[in-house]
């Protein structure tokens with residue numbers, strides 16, 4: 001059994017920064033454990049070609065998984081654009097491939113964006129139940145592992161400062177992700193990942209350059225002693 005740490009939060013809240021801080025602390029505090037961080041920007045340059053390769057690999061060697069994810073996402077995003085569906089489907093299989101391989105070698109796997117974030121990005125009041133089914137399906141092969149969701153909430157000052165460096169998060173109408181609702185996300189996770197191996201932590205990014213990850217470290221420490 002391994003421990004999966006998935007960070008969630010609005011784009012610009014500091015998920016990647018918090019993930020890196022956790023990675024550095026975990027490597028120091030738990031030197032006997034194998035720790036891996038899967039960053040969403042890790043293969044930015046070659047990502048398109050790698051994702052095509054993963055699609056072909058999954059279709060060839062994990063046929064059932066390929067069509068299970070396809071079917072669930074197609075139902076959940078029936079009212080969305082083809083681009084949103086294809087993008088979500090490809091990203092889900094690519095993350096699935098990376099996570100599956102990481103869990104073969106590592107005790108702790110850190111995701112700056114994972115399945116919960118992907119589902120949240122596609123969530124609205126109309127498709128909540130269907131997106132719940134997607135999340136259950138995506139995490140079903142990993143339910144024997146401990147899963148810790150770490151939701152990052154940034155103060156207004158930190159958030160606005162981050163947007164100054166992330167112009168990709170802004171368009172002519174302002175912040176591009178106003179649709180992301182924290183209340184809906186909590187309903188999604190509370191209703192779908194209902195088992196004793198799941199826990200949720202909320203941390204605050206309210207000091208420039210620092211994120212309080214003490215509770216996350218405590219959760220990893222609990223996993224280490226329970227293993």
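Mind checking whether some residue in segment 188-196 is farther than 14 Å from residue 13 by Cβ, in contact with a helix residue (DSSP H, G or I) (Cβ under 8 Å, 6 or more places away or on another chain), surrounded by 15 or more Cβ atoms within 10 Å (Cβ to Cβ) and modelled with pLDDT of 85 or more? Yes, that holds for at least one residue. Considering 96, 112, the condition of being buried (at least 20 other Cβ atoms within 10 Å of the Cβ), farther than 19 Å from residue 140 by Cβ and in contact with a helix residue (DSSP H, G or I) (Cβ under 8 Å, 6 or more places away or on another chain) is satisfied by 112 alone.
Considering each residue of segment 80-96 in turn, at least one proves to be touching a residue at least 12 places away in the same chain (Cβ under 8 Å), more than 30 Å from residue 210 (Cα to Cα), out of contact with any strand residue (DSSP E or B) (no Cβ under 9 Å at 6 or more places or on another chain) and not in a helix (DSSP H, G or I).
The values are calculated or read from the model by the stated rules, or taken from the named source; none is laboratory data. Everything quoted here is computed from the prediction, not taken from an experiment. No Cβ is skipped: glycine too gets one built from the backbone with ideal geometry, and neighbour counts run over all protein chains shown.
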